[in-house]
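A quick write-up on the structure given underneath.
Coordinate-derived values only; no laboratory data. None of these values were measured; they are calculated from a predicted model. Quick reminder, even Gly has a Cβ in these numbers, built from the backbone with ideal geometry, and neighbours come from all protein chains shown.
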Amino acid sequence: MSVSLTKGGKEVAGLDCDAPWILFKPPAGSYTATATLLGGPGGTRTANFATSGSGAQKEITIMFARPPEAPVGQ
């Protein structure tokens, strides 16, 4: 999966990752998180969020449809 975090249209973090979750601690502001599945027809999903830069953690969930299972024996 490729993940990008943008603020005001500018990327502030970007990475490729196999993990099911990623932790960011961004300064106060409004952000867009974009996730793209690599190597398949998974597509791209986005989520917008804002943070005060302090306080409790905020969870942002981006979900993709599960790819179809391969037939048994293949």
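For this structure, a couple of remarks:
- Size of charge dipole - the chain - debye, nearest 20, with Cβ of Lys, Arg +1 and Asp, Glu -1, no other charges: 280
- Residue-by-residue Karplus 3J(HN,Hα) for segment 10-27, coefficients 6.51, -1.76, 1.60, Hz, glycine and proline x: 10, 5, 10, 7, x, 7, 9, 8, 9, 6, x, 8, 9, 10, 10, 10, x, x
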